[in-house]
Amino acid sequence: MSASRPRLAVWKFSSCDGCQLTLLDCEEDLLPLADQVEIAYFLEASRDTGPGPYDLSLVEGSIATRTDIERIREIRAQSRVLVTIGACATAGGVQALRNARDFDKLRSVVYARPEYIDALATSTPIAQHVPVDFELRGCPVDKRQLLEVVTAFLAGRKPDVPDHSVCFECKRRGVTCVTVAHGTPCLGPVTQAGCGALCPAFGRGCFGCFGPKADPNTRALLPLLRADGVADEDVARLYRTFNAEAPAFAEAAEEAGR
Amino acid sequence: MAPDTGAPQSAPAADARPRELAQEDLQALFDVLTTRGWTVVGPTERDGAVVLAQLDSAAELPYGVGVALAPGGYRLRRRQDRAAFAHSAGPQSWKTFLHPERARMWQADRDEEGAVTFTPETEETAPTPRYALFGVHPCDLAAIARQDRVLVGGAFRDPVYAPRREAAFVVAVACGEPGELCFCASVGTGPGLREDAPCDLAVHEIADRDGVRLLISAHSPRGAEVLADPALPLHEPHPELGERARCQTEAAEQRMGRELEAEGLRDVLAETLDSPVWDEVASRCLTCGNCTLVCPTCFCTTTEDTTDLTGDHAERWRRWDSCFDLDFSYVHGGSVRTSGKSRYRQWLTHKLGTWHDQFGSSGCVGCGRCIVWCPVGIDLTVEAARLRGEAGASEEGPS
């Protein structure tokens, strides 16, 4: 292939690797992708790594240690376009559960030798530390949306990633509303689409892993969640599970927890 | 009817007499429609709801399934009888089939020299499905007519809707069991089927102590052809059946769970744009978009351009959109309707008000879906009445 292919790098911070796996999970699209870009750095796929600069960096994971901060600055400096992928990178992830608690206490409860743990008291999104060109939501990200972002980057256009509610996807897919028809608690009305209504399609309520939709009215959802049997402390937990650092969900959790 | 829709003609002079079909012979009607090239879509029970889906046999109809409706609540209930069409306000409408949620408009390919070829959709790339819409209630029949007006009745003929609509065979069923949130009677779309109802077959389903029987009449030449098929075991209706059908419709008219005072609503909405009612509704509205997506007349779409990884193949698709989507009113620099208030107001004033100016009628057919499927149960009839009160109050206010 020509040397002029854009160079792609995939980085991991504090995360479970699920979003990088989503890229590997692209299967039949992976070889065409490799034709279009030079996969210069992707440890999950190959230990054969190339030096920067990179045209497109996909960043998984949150900032949870001091080294993370130094590393993300260096990656930003080496990347023409930087896209964060997944709930950890865009909203702190599950590990941001510690943000509203006493970190030292948690560390002493969880680890046998807490003094070995050199971590920050908070887990924060990448965008709190360096400028980010695009944030792709989800825990993990959706395969189609990930390919759309990379494809849009290659074509030099804006990715088509709607910021409306999950309800759009249920209705478009013909999934019967689990809240209205079954009384199942669901965060779909305040959560951003992108998953293809995965959980409701299996009769489960949405648990908000794509984070808040644009301009969500979480206050209006609260009485409904209560009516469907969710205790206030559980509402707070729901909002804090994957996207605790997303401001709209953080506020909703605090309001429910009061 | 608009001549270019291919929508059925009004009742043919020849043999419009109603005939009787036993419920257990519904499969014969399915077979006749299937043999003539239609794919039958209709109601069936799935996931705790009566949904609309492709039906392989009449056995899949929701016999004896009724519904209990509340604002933001939908539950199935078992009926005493085996009526198959005695349910209302399901989670989908027929626009799923006539105005699909996603459709490709064209494709473009770039060759090695850089020349670009555009390929619009044709019968070859996207063959028009021929649906028999089986069990369309009068409110939904009116909704199809309103979408006809919007999508083929103006200067522009919608290339996706029009051929699907022309191909569709419509089996309408008079409503004998309106739901707790239905108000077709007050907006003049049901519950009965008028003699000139724009369908191919008009059906009354009569469930009483003698079982379930269907009274069928043809409303179009196509419908008459289907009824004339010797494979259909039709017979002379029981002498009382027509009267029972009439009584059932009259009784249904008295059992509407909701009422919308339609008179003058257009002006009411135009006068109350700054009413505090909108702020109060907005405090409860999730702006999730469900009301517009379940509405059988809402037709708005957005455009989606896709490219493949090589960048040499592009496609333009359109998909359902909603005035509740911030992106829907996005113009250079941002969205025009940023607040939930402005978005809810847009939906209601268009549906009940400016639709009249644009298309010569209201956009609401009284099906009640927007009330049922709003997760927080915002009730269009209640909000419209509150606004009417506001308009009245401002007229009577101090001068």
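Read-outs throughout are calculated quantities, based only on the coordinates presented, and are distinct from any laboratory measurement. The structure presented is a predicted model; accordingly, all values stated were derived computationally and were not measured. FYI the Cβ positions are ideal-geometry reconstructions off the backbone, even for glycines, and counts take in every protein chain you see.
In chain A, helices alone account for a calculated mean residue ellipticity at 222 nm of -10500 deg cm²/dmol, with every DSSP H run of four or more residues adding -39,500 (n - 2.57). For the protein assembly as shown, the convex hull spanned by the alpha carbon atoms encloses 193 Å³ per residue.
Just want to confirm a number: the relative contact order over region A:7-155, from Cα pairs under 8 angstrom separated by 6+ residues, in percent. Relative contact order for region A:7-155 comes out at 28 percent. Among B:ALA314, B:ALA83, B:ALA218, which one shows the biggest mean-square fluctuation in a GNM of chain B, springs joining Cα atoms closer than 10 Å? Comparing B:ALA314, B:ALA83, B:ALA218 in the GNM, the peak value goes to B:ALA314. Given +1 at the Cβ of Lys and Arg, -1 at the Cβ of Asp and Glu and no other charges, the dipole of region A:166-257 around its Cα centre is 460 debye to the nearest 20.
Model label points for A:ASP17 and A:ASP104, set 7 angstrom from Cα along the Cα-to-Cβ axis, are 3.4 nm apart. This ranking places B:SER329, B:SER217 by how few other beta-carbon atoms lie within 10 Å of each, fewest first, which gives B:SER329, B:SER217.
Placing unit charges on each Cβ (+1 for Lys and Arg, -1 for Asp and Glu) gives chain B a dipole about its Cα centre, and among B:VAL67, B:LEU29, B:PRO239 the Cα reaching farthest toward its positive end belongs to B:VAL67.
Mind checking the dipole of chain B: about its Cα centre, +1 per Lys or Arg Cβ, -1 per Asp or Glu Cβ, Debye to the nearest 20? Intermediate results must be reported in sequence, preceding the final value.
Details: 40 positive and 60 negative charges, 155 e Å.
Computed about the Cα centre, the dipole is about 740 debye.
For region B:270-278, 3J(HN,Hα) computed residue by residue from phi via the Karplus equation (6.51, -1.76, 1.60; θ = phi - 60°) reads 5, 8, 10, 4, 9, 5, x, 4, 5 Hz, glycine and proline entered as x. In order along region B:232-249, phi translates into HN-Hα couplings of 8, x, 7, 9, 4, x, 4, x, 8, 5, x, 5, 5, 4, 4, 5, 4, 5 Hz, rounded to whole numbers, per the Karplus curve 6.51 cos²θ - 1.76 cosθ + 1.60 with θ = phi - 60° and x for Gly and Pro.
For chain B, the alpha carbon positions stretch 74, 67, 40 Å along the principal axes, listed from largest to smallest. When you filter the GluC sites (Glu not before Pro) in region A:1-92 for DSSP loop state and at most 15 other Cβ atoms inside 10 Å of their Cβ, you are left with A:GLU44. Using alpha-carbon pairs under 8 Å, 6+ residues apart, how would you state the relative contact order of region A:166-257 in percent? Reported relative contact order: 25 percent. Counting only residues 5 or more places away or on other chains, whose amide H sits under 5 Å from the amide H of B:THR301 once H atoms are built in the peptide plane? Distant-sequence amide H within range of B:THR301: B:ASP321.
Eight or more residues apart or on different chains, and alpha-carbon atoms under 20 Å: count the Lys pairs in region A:101-258 matching that. Walk me through the numbers before you get to the answer.
On the way: A:LYS143/A:LYS158; A:LYS143/A:LYS213; A:LYS158/A:LYS213; A:LYS171/A:LYS213.
Counting lysine pairs in region A:101-258 gives 4.
Counting alpha carbon pairs within less than 8 Å and at least 6 residues apart, what relative contact order, in whole percent, applies to chain B? If you can, show how the numbers build up before the last one.
Working: 783 pairs, mean separation 90.6, N = 399.
Relative contact order here is 23 percent.
Projecting the Cα positions of B:GLY377, B:ALA228, A:ALA253 onto the charge dipole of the protein assembly as shown (unit charges on Cβ atoms of Lys, Arg, Asp and Glu, taken about the Cα centre) puts A:ALA253 furthest along the positive direction.
Summing Cβ point charges (Lys, Arg +1; Asp, Glu -1) relative to the Cα centre of region A:7-155 gives a dipole of roughly 660 debye. Compute the Kirkwood hydrodynamic radius of region A:110-258, taking the inverse of the mean of 1/r over all pairs of distinct Cα atoms, and give it in Å to one decimal. Kirkwood radius, region A:110-258: 16.8 Å.
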